[in-house]
1. Return the residue satisfying two criteria in turn: it lies in the stretch A:494-514 and is surrounded by 23 or more Cβ atoms within 10 Å (Cβ to Cβ) and in a loop (DSSP other than H, G, I, E, B), and of such residues it is nearest to the chain's Cα centre (by Cα).
2. Quick check on this structure: which one of A:423, A:414, A:461, A:480 is farther than 17 Å from residue B:207 by Cβ, over 23 Å from the mean Cα position of the chain (by Cα) and without any contact (Cβ under 8 Å) to a residue 24 or more places away in the chain?
3. Can you tell me which of B:215, B:285 is assigned to a helix (DSSP H, G or I) and within 14 Å of chain A (Cβ to nearest Cβ)?
4. For the stretch A:455-469, indicate whether the set of residues that are part of a loop (DSSP other than H, G, I, E, B) and surrounded by fewer than 17 Cβ atoms within 10 Å (Cβ to Cβ) is non-empty.
5. In the set A:491, A:451, which member is within 8 Å of chain B (Cβ to nearest Cβ), assigned to a helix (DSSP H, G or I) and under 22 Å from residue B:191 (Cβ atoms)?
6. Take residue A:516 and tell me if it is closer than 25 Å to residue A:222 by Cβ, within 13 Å of chain B (Cβ to nearest Cβ) and modelled with pLDDT of 90 or more.
7. Under the condition of being closer than 21 Å to residue A:431 by Cβ and within 28 Å of the chain's Cα centre (by Cα), which residue from the stretch B:165-212 is nearest to the other protein chains (Cβ to nearest Cβ)?
8. Could you say whether any residue in the stretch B:101-118 is over 30 Å from residue B:219 (Cα atoms) and either in a helix (DSSP H, G or I) or out of contact with any helix residue (DSSP H, G or I) (no Cβ under 9 Å at 6 or more places or on another chain) (or both)?
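The values are calculated or read from the model by the stated rules, or taken from the named source; none is laboratory data. Quantities reported herein were computed from a predicted structural model and do not represent experimental measurements. Please note: Cβ atoms are built from the backbone with ideal geometry, for glycine as well, and neighbour counts cover all protein chains shown.
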């Protein structure tokens, strides 16, 4: 059907050639990856971008000729360095994995054996002959920029940080100089600085050893930082593949464009926009373009038959017949940051918090004005969540004074008055844990309401529906249970539950970090609207500076339990004063080469 | 392209099936899903068979269970289908009415034990800290005693009454149930929705009742099933030792003891009560297992997603 693009420099066979790969469920009913074709040169990094359920991880695993339980590889060939993995016997395949093809998992903490020393686990990856050779192990450590010391080889996984564990996992993958490495979101759990360093290491290793790598991620900015080419996956199909710069600057598929519009850009204070409609079920549609229901450019032909991959430029292919057309997206212009009259709503003075004997907040002082959105930014362990929990009254092991409306605010929610509790509402990070799974969404909202007000059941129902309506959830959602809702829907419901009490201050604890970018965009849009319409004050806790660029009026940066910088968003972003802020800005993954250049000079 | 066409047809057929499935209420679909496993069908049939036998059996007994109607250990005949026992009483009639006390006492003891243990476990898991230590260490001390012997001691000193036996067996179960439920409650108590309920000022008792209990119902029911089989074994054992009911009462446990010397002459007088206890125990265990796997289905990797797609944003 499709002629592979051949350019003059591609003489001989590429390091990795994948043709028409399909992954189906064991009963053959659903196709989770359909007709995937890729080619990689030695040393090339290809990024695979997609949202949850798009099949990107399934595709990544299939390149090792492996599927999760209940799935099987239907059609297609995978050739790595001339070997066809499909024809290898199970024992042979086992041998090839680890030597020819390798895998770096998303969560190294669960991939490493907690009972074995790092050295033992590294040695296991080497040829039996080489295992005794400690210098080789130390070389492996220094290759991934870990301290090449005996003591490091003697340590156990729990003694290392997340970034170090991920480096160990990468060292294990590179140990035998494989021809292909599949990395499944290896930096998702890391903070931006560690992520930047790990990405750097991977890029250098691939270059130096001519190893082809597939980098699977949901974060298009991360992929832009590492990959020379990028493939965008939607509903099990590659919808666009091409050189990274080309795809990011001139995305040809409507989905790629929407995805890029949803990613907050740290260099650009424009508001993000979400993708309308909802994500499809896992698995490919056979009869039409899967994106057609959400696409403003879709024509009848898109709904009638599946578009083929078309080559629009050398090496740039797109699965859309209207790749030349553009929808009328609102231009990304600068957002007007509103100056709010800063009448302090909440003030914290010298707040110190403890876990047992350990002090994690060392006297933090700051204010949130009425109707103002303050971003609380810092990397993991900086104490930002603890501070948010103190303000929410959820962390009682604390000292210091807080005032709310100029009246003293007790640190323990049990001592606060009901009126105060209703005016400060907390929204949790994990949308999957913040609702009781045994109660319908409507009942959960009603329960919160009845905690503060005596209402008849019909009044209560009216308020519940009104709250759902404010976050654009349909009334039918009231009867649903949390498991029926997607992550984004649950987070909307959590916002509705907070709004139902008519609060004045909303504490949002990393509420978008568990969500896909397109959903994150929708949620930040919603919060922005709510702030404007209802004059809500917000404390938005996040590790991602880009998210708050178009949302917050002020930024508070924390590090190691101290407040290190505070100021209006634009000023902090443009002229960061503290080293921590500079570092956070420098290490944030960027879209554009220009942005990356600028960051280096910060 | 042929592959694509047939796949399209398949997907059309699938959505028809989804519509058909969607026409039943959710609870019927759940029940059907539950009985789709073999262990559920077998467990339910075995348990139901014994329960029905115990419930309506006495109506079909040929003779009163304490009447002497044959020779001791008489072999089965048309008149006495399972023969006669040591005193010449009809084994069938005694089997039919001999399960009532064992079963009702076991049920009572299980309910009491699971309720008490559940309450202790949930309190320990929710309050943590000092309350947790106090409750769990006290239960550890109780667990340190050989429980069956303790029960025997109490029964022999205080005399046997049904209520006392039920309470003793419940007290034996409570610490074990509490340990399991504490672990489950500890996990639930760490969830954000419990944190949220605390944050809006919900009193502890309401949090336990509304937020935690519904989320430990699964382990509670599994424990209930498991404890029920233990209760049956324990109470049948106490009956065997003559501590539950006095002769000439018909009781499966007592029947074993009375008739074991005649095992060679009329084995049915022993085999049938033992078999019924075994069938009931196996049945309840299978049912419990099936429930456990059914309740965990939502967390299983590769579990089917909700059948209908929710219309709405995102």
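1. Applying the filter and picking the extreme gives A:512.
2. A:461
3. Details: B:285 fails: within 14 Å of chain A (Cβ to nearest Cβ).
The unique qualifying residue is B:215.
4. yes
5. A:451
6. No.
7. B:211
8. No, there is no match, as no residue in the stretch B:101-118 is over 30 Å from residue B:219 (Cα atoms) and either in a helix (DSSP H, G or I) or out of contact with any helix residue (DSSP H, G or I) (no Cβ under 9 Å at 6 or more places or on another chain) (or both).
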